[in-house]
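One structure is given below, encoded as structure tokens.
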Amino acid sequence: MEVDGETTRCKDNKLLEDIVSTYDHELYRHCYRMLGCFYDAEEVTQETFLKAYQHLYKFEEINQIKPWLFRIATNLCIDRMRKKKPIAILDQVIKGTEHSTQLEQLESQVLTPEENMIYQEQNQLIWDYIKGLAPKYRSVILLRYFSEFSLNEIAIELNIPVGTVKTRIFRGKEALKQRMLATIKH
């Protein structure tokens, strides 16, 4: 009997290793986009894997692991946002670097200094708009357009009907549009 328990634990550990190596970066990016904070995103990512490991024995559909992990992470992010007032830290310098900021981590291409400045301003505006959305809209927008989830994957992750996902995406985009138009008018 001891051997079976040990074998099961080894299989769970190996499965968790595979899950972490497969989804670690993608899950971290999702948490970072939801929270906007390097440290919080790291903590929530680790907490997600811990919760997944604790409940791995209940999980039967291994092909649905990604939406399940992202649902855990999204819920943890929303919980963290509720407990903590939002802090604008994208422009703060990252420890261990001379002048690199969180916002600069979002950049993926080499730009001229002028293009870089415009890109940073635009990125900051977009992230400000997204961070200003209600969590239910922010989560679907981030999952759909930044994590590239399908509508069905979002529905599974958030445990809501596909119709609700479509509605939240539409309303989230409308809210972003209204905020952007209001900025342009002023």
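The values are calculated or read from the model by the stated rules, or taken from the named source; none is laboratory data. Bear in mind that the values here come from a model prediction, so they are computed numbers and not experimental data. Cβ: placed from backbone, ideal geometry, glycine included. Neighbour counts: every protein chain shown.
Name the residue that is modelled with the lowest pLDDT, counting only residues in region 136-186 that are hydroxyl-bearing (S, T, Y) and not in a loop (DSSP other than H, G, I, E, B). Among residues in region 136-186 that are hydroxyl-bearing (S, T, Y) and not in a loop (DSSP other than H, G, I, E, B), the one modelled with the lowest pLDDT is T183. Scan region 22-60 for residues that are among the small types (G, A, S) and not in a helix (DSSP H, G or I) and the total you get is 1. Here E114 does not qualify as modelled with pLDDT of 90 or more, more than 13 Å from the chain's Cα centre (by Cα) and either under 30 Å from N13 (Cβ atoms) or not hydrophobic (A, V, I, L, M, F, W, C) (or both). State yes or no: is N13 at pLDDT below 80, in a helix (DSSP H, G or I) and closer than 25 Å to I160 by Cα? For N13, the condition - at pLDDT below 80, in a helix (DSSP H, G or I) and closer than 25 Å to I160 by Cα - is not met.
Take K84 and decide whether it is of a type in the set (K, R) and either on the phi > 0 side of the Ramachandran plot or modelled with pLDDT under 75 (or both). For K84, the condition - of a type in the set (K, R) and either on the phi > 0 side of the Ramachandran plot or modelled with pLDDT under 75 (or both) - is met.
Looking at this structure, is L103 modelled with pLDDT under 65 and part of a helix (DSSP H, G or I)? Yes: the conditions hold for L103.
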